[in-house]
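The values are calculated or read from the model by the stated rules, or taken from the named source; none is laboratory data. As the structure is a prediction and not an experimental result, all values here were calculated from the model. Cβ placement follows ideal geometry from the backbone for every residue including glycine, while neighbour counts extend to all protein chains displayed. Note: accessible area is taken over every heavy atom of the protein model, side chains too, but ligands, DNA and RNA are not part of it. Shrake-Rupley method; radii C 1.70, N 1.55, O 1.52, S 1.80 Å.
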Amino acid sequence: MTNALVTNTMPQLYAVIGNPIEHSRSPLIHHAFAQQLGIKLSYEKIWAPIDGFEEAVNAFRERGGRGMNVTVPFKLEAFDLAQQHSDRARRALAANTLVFPESPDEPVFADNTDGVGLVNDLAFHGVTLTGKRVLILGAGGATRGVLAPLLEQEPQTILIANRNPERAYGLVKEFTDAAGSSSLSGCPLTDIEETSFDLIINATPASLTAELPPLPEAIVGAKTVAYDMAYGAKPTVFMQWAKARGARPLDGLGMLVEQAAESFALWHGRRPDAAPVRELLREEIRLAAERADAD
Ligand code: NDP
């Protein structure tokens, strides 16, 4: 380790690691938080080969890296790499935030801020979960990461609907065992109960390719909030579908900013104001889409 060479005058080094990673907005978000709080830091994107996560992490630590956000497909490996875990990371068995101590002999700490990011974003939009009926589409890493914080809000029920139903049943079993909760159930994506839900969370990447899962009309009522974890310059196909049926559509941009704020607070001991950074990111995405259209 060469951390001893890193002096206090150098900006602290952070990064987001993933594959792919070019699309990541995390550097913009963390630099905006840092500017807001007068903290000097450098935050970069690191692409790692699918079989090269640990090597890339070690190389980053050699350069003095103090913390990392972790995205697809490395969240499970990030959890395994750490020696200490937050409760919420332990519940998810996946981590999106790593904290590296200065000394290589001290333990690496792993956290998962995705779930609290979602809950905080819903709260920002005035959406409460207590006593509500929730439907989650998808049973991948994102669903795994948000389940415990969602259950903590004590919804009446959470139904997980997945293309491969076995993955939904697996999560139900795992989280029911851990929480002693009976509010969780699972079903195939093509066999969702035909009653309206208070909150539908699209935790599939289907919107990224403008695909809409096969959803029954009856799941949307006048009071339904339709939350897509994906986001873009325009409302996603899922948001459009839900809005046309009377639901209130929300995208995952705020979740991204809120999970970043939680990571930032963990690393720096100070909580940034997420609201102006939401606006900044929304504008940046709009401008990027304009530039792409002009090309
Ligand atoms: P995973 O690859 O781990 O899981 C994807 C899930 O979606 C699986 O359950 C899969 O089903 C299902 N799925 C994939 N494609 C389709 C499709 N075309 N139609 C229906 N179901 C599909 O991904 P993640 O869980 O990590 O991420 C899911 C989404 O959430 C991504 O778009 C990601 O960008 C977004 N996300 C956003 C965050 C934010 O801050 N806004 C944070 C984290 C994630 P099966 O099991 O059958 O393959």
For this session: Considering every residue within the range 233-252, establish whether at least one is open to solvent by less than 50 Å² (accessible area, probe 1.4 Å), in contact with a Pro (Cβ under 8 Å, 6 or more places away or on another chain), away from the ligand (no atom under 12 Å from the Cβ) and not in a helix (DSSP H, G or I).
Result: yes
For this session: Determine which single condition residue 150 fails, assuming it passes every other condition in (1) away from the ligand (no atom under 12 Å from the Cβ); (2) in contact (Cβ under 8 Å) with a residue 60 or more places away in the chain; (3) open to solvent by less than 30 Å² (accessible area, probe 1.4 Å).
Result: (2)
Problem set entry | Residue, farthest from the chain's Cα centre (by Cα), within the range 207-223, restricted to residues that are within 26 Å of residue 281 (Cα to Cα) and outside any loop (DSSP other than H, G, I, E, B) | 209
Exercise. Out of the range 120-135, which residues are among the hydrophobic types (A, V, I, L, M, F, W, C) and surrounded by fewer than 20 Cβ atoms within 10 Å (Cβ to Cβ)?
Worked result: 123, 124, 127
Exercise. Within the range 233-254, can one find any residue that is out of contact with any Asp or Glu (no Cβ under 8 Å at 6 or more places or on another chain), of a type in the set (A, V, I, L, M, F, W, C) and under 18 Å from residue 32 (Cβ atoms)?
Worked result: yes
Exercise. Here are some residues: 281, 256. Which one is assigned to a helix (DSSP H, G or I), within 30 Å of residue 86 (Cβ to Cβ), within 16 Å of the ligand (Cβ to nearest atom) and open to solvent by 20 Å² or more (accessible area, probe 1.4 Å)?
Worked result: 256
Problem set entry | Residue list for the range 53-81, restricted to those being among the hydrophobic types (A, V, I, L, M, F, W, C), away from the ligand (no atom under 16 Å from the Cβ) and open to solvent by less than 10 Å² (accessible area, probe 1.4 Å) | 57, 60
Exercise. Within the group 4, 59, which residue is modelled with pLDDT of 95 or more and among the aliphatic types (A, V, I, L, M)?
Worked result: 59
Exercise. When both residues are 6+ apart or on different chains and their Cβ atoms are under 8 Å apart, which pairs have a first residue that lies in the range 200-224 and is farther than 16 Å from residue 190 by Cα, and a second that is away from the ligand (no atom under 13 Å from the Cβ) and modelled with pLDDT under 95?
Worked result: none
For this session: Determine whether residue 207 is touching a strand residue (DSSP E or B) at 6+ places or on another chain (Cβ under 8 Å) and surrounded by fewer than 20 Cβ atoms within 10 Å (Cβ to Cβ).
Result: no
